[in-house]
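The block underneath contains the structure these notes are about, expressed in structure tokens.
Values quoted throughout were computed directly from the atomic coordinates according to the rules given, and no laboratory measurement underlies them. This is a predicted model, so every value here is computed, not measured. Note: ideal-geometry Cβ built from the backbone for every residue, glycine included; neighbour counts use all protein chains shown.
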Ligand SMILES: Nc1ncnc2c1ncn2[C@@H]1O[C@H](COP(=O)(O)OP(=O)(O)O)[C@@H](O)[C@H]1O
Ligand SMILES: [Mg+2]
């Protein structure tokens, strides 16, 4: 009995020692695991930081890519703009020369017809007079088209002096063929300003011709002047069909025309002349009104 209890006592001591060993091992393992956990935690934080940085770099890269695409687009547009303006200036030079050279023979044709009519009026049969009128009309049209080209391409310096706007308008009207069924309402007042009279006359001619053409030779054109203190404003209103909204932006672009015999150079020339006088031009519909504002000096 005693022996077995001794044995039992020895057994439980051994068991205790074994358990204590296990506990130590387990604690050791726990510590190791905690350490590993700490290391992994640090690695995770490190990774998260790297990921955040990566995201940042990715965003920057996307932004740079966007910017680059935009710049390439801009460069493309700039190149084609440059190409277009170079081409336009070459075309401009040639057209100016041709237009200039053609104006004299045309004037000779017109004057000769006039002379023939005056000198031989008694002997000219009516059919021939009709033919003369056709020659006259066609050469006038050509003169207008050539003037459109010349007004657009010629960039002679402004020659400014004190001008009466009414006299300038009357001079433009004298040189314009007004169809019988078109009524021109001139302003009742006059305004004065310092400007290049010849160029402002071309502005009137262009706006009035456009108005007459838009009304298809029938209707009313009302011209009015306003003195606004530092500036003068004049407007040309017509009773034509107006300008569709989607064309509004295009009408001032060189070579844009909706007419079979148009040059598309009238309004661009008008815009350039007004800009060179440091003025502005606007257009509105219902009724169609082109308004020009020019500083007095
Ligand atoms: N008063 C107007 N009413 C309607 N459309 C107009 C008027 N003035 C100009 N336009 C439009 O603007 C275009 C450009 O005019 P413009 O530069 O003078 O060239 P063009 O008279 O040779 O066509 C015209 O073809 C026409 O479509
Ligand atoms: Mg025109």
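So what's the projected area for the range 49-93, the Cα convex hull averaged over all directions, in nm²?
That works out to 2.6 nm².
Helix 2-119 sits at what angle to the longest principal axis of the chain, using alpha carbons and giving 0 to 90 degrees rounded to 10?
Computed tilt is about 10 degrees.
Can you give the calculated 222 nm mean residue ellipticity of the chain, where each DSSP H run of n ≥ 4 adds -39,500 (n - 2.57) and the sum is split over every residue, rounded to the nearest 500 deg cm²/dmol?
That calculation yields -23000 deg cm²/dmol at 222 nm.
Report the FRET efficiency, 1/(1 + (r/R0)^6), for residue 85 and residue 260, where r is their Cβ-Cβ distance and R0 is 25 Å, rounded to 0.05.
Efficiency at R0 = 25 Å is approximately 0.40.
Once both axes come from the Cα atoms, what is the angle between helix 197-214 and the longest principal axis of the chain, in degrees from 0 to 90, rounded to 10?
Its long axis makes an angle of about 80 degrees.
Helix 266-276 versus the longest principal axis of the chain: what is the Cα-based angle in degrees, 0 to 90, to the nearest 10?
80 degrees
Rounded, prolate or oblate for the range 1-142? Axes are the square roots of the Cα gyration tensor eigenvalues, ordered a ≥ b ≥ c, and the cut-off for rounded is a/c under 1.5.
prolate
Taking a ≥ b ≥ c as the square roots of the eigenvalues of the Cα gyration tensor of the range 119-222, is the shape rounded (a/c under 1.5), prolate (a/b larger than b/c) or oblate?
The shape class here is prolate.
Would the chain count as rounded, prolate or oblate if I go by the C-alpha gyration tensor, calling it rounded below 1.5 in a/c and otherwise prolate when a/b exceeds b/c, oblate otherwise?
prolate
Semi-axes of the range 160-295's equivalent ellipsoid from the Cα gyration tensor, sqrt of 5 times each eigenvalue, largest first, rounded to whole Å?
So the equivalent ellipsoid measures 22, 17, 14 Å along its semi-axes.
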